């Protein structure tokens, strides 16, 4: 069935079909609509979810943690300062290996105050132990929300899926939705690994761990993240086989013979495809990589696909401030460091606070990268900004 939905509406619709046991939420622009629309499904009796309107985002994640630890499917949504307020609880959710799904609408963090898109909020939480998946459009947001439930429950890790604020969250497009019964069949009945309310089999969660045991807990958690990619691959493969919808972990666009390429996350991939098409018509061998899974970092995909590119532009919707480039730049450079064949990498910071990036500006990036082909690696400027007055 084809419907016209914004990104927020698409996620809320997927949540309706998932019918989680608990949704706890606090409103924040531009993510408010997700839980607002979902709450109407609750009020109308379309779902039997327990909806908890809490007093803050910290409380929203706390309630989801309690629900998930008690054997319930739990979901929530937030953005920006709300995600920052959850920060403490993100580590608890992942440390307890709870399969919570969190829908994040990417928005800049204050200060100064800005309600528009960049990736500072979710990337600031990149080391909190959550799987992170970035979506290009409303269709991906819908499909990924459904898959995220199954991924979380297979990996025993919480999953954060993201869409770009206002660019995707509030813009309408056609999406193809699945029948309710197909979604229910795909995610299956939830069978939690443990349940705090099971008084016949009591367990302890979140105890104080002193130096003689804390390290082992963290090592086990790290191993769970190391194995998470296999779970993601299996779920995406099953989704494709059942519904003929591919959700690539690292999407390649016109990269087969590309001399130079860019890599990005989120909605900018769509804009970049237009730029690639325009330059291909002019005879330029350029391509695009769209990274969907940022956590766990997909080492084998990046090493395999990037080794034949001569020069790679890394588009970042976040400023790394005191770091040597932004998070995506650092991750990719680290992954490629020991490769004998590896591209020259250049970081491009763009779109902070929701500033638009156009196909024409991305074409200029490609042309600049092409002009660097004969330059020595050490002489190339590594960090650039796009469209700064």
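Read-outs throughout are calculated quantities, based only on the coordinates presented, and are distinct from any laboratory measurement. It should be emphasised that the depicted structure is a prediction, and the values quoted were computed from it without experimental measurement. In this analysis, Cβ positions are derived from the backbone assuming ideal geometry, glycine residues included, and neighbour counts consider all displayed protein chains.
A few remarks follow.
- Alpha-carbon centroid distance for the pair region 99-167 / region 225-259, whole angstrom: 17 Å
- Dimensionless Rg over Rh [the chain; C-alpha; Kirkwood]: 0.97
- Rough spin-label spacing in nm, given labels placed 7 Å along Cα→Cβ, for residue 371 and residue 88: 5.1 nm
- The distance between label points at residue 233 and residue 322 comes to 3.9 nm (points 7 Å beyond Cα on the Cα→Cβ vector).
- Among 278, 193, 201, the residue with the largest mean-square fluctuation in a Gaussian network model of the chain, with springs joining Cα atoms closer than 10 Å, is 201.
- Whole-number D in µm²/s for region 259-389 (Stokes-Einstein; Kirkwood sum over Cα pairs; 20 °C, 1.002 mPa s): 144 µm²/s
- Neighbour counts of C-beta atoms inside 10 Å place 215, 329 in the sequence 215, 329, starting with the fewest.
- Label zone of residue 254 (point 7 Å out along Cα→Cβ, amide N under 20 Å): in region 326-360 this covers 346, 348, 357-360.
- Computed E for residue 384/residue 201 - FRET, C-beta separation, R0 41 angstrom, nearest 0.05: 0.10
- With Cα atoms, 0 to 90° folded angle of helix 327-336 axis to the chain main axis: 70 degrees
- Residues 52, 262, 100 in ascending order of nearby Cβ atoms (within 10 Å, fewest first): 52, 262, 100.
- Against the chain, whose longest principal axis comes from its Cα atoms, helix 7-18 is set at around 40 degrees.
- Cα shape, region 40-181, gyration tensor, a/c 1.5 rule: rounded
- Per-residue extension of 0.36 nm, minus the Cα-Cα distance of residue 340 and residue 222, leaves a gain of 39.7 nm for this segment.
- Computed from Cα atoms, the angle from the helix 359-370 axis to the main principal axis of the chain rounds to 60 degrees.
- FRET E, pair residue 213, residue 355, Förster distance 41 Å, beta-carbon r, rounded to 0.05: 0.30
- Burial ordering of 312, 210, 113, 247, fewest other beta-carbon atoms within 10 Å first: 210, 113, 247, 312
- Residues residue 2 and residue 300, FRET efficiency given R0 of 51 Å [Cβ-Cβ distance, rounded to 0.05]: 0.90
- Segment residue 53-residue 110, length gained on full extension (0.36 nm per residue, minus Cα span): 18.1 nm
- Judged by the ratio a/c of the largest to the smallest principal axis of the C-alpha gyration tensor, region 114-244 counts as oblate, that ratio being 1.5 or greater while a/b is no larger than b/c.
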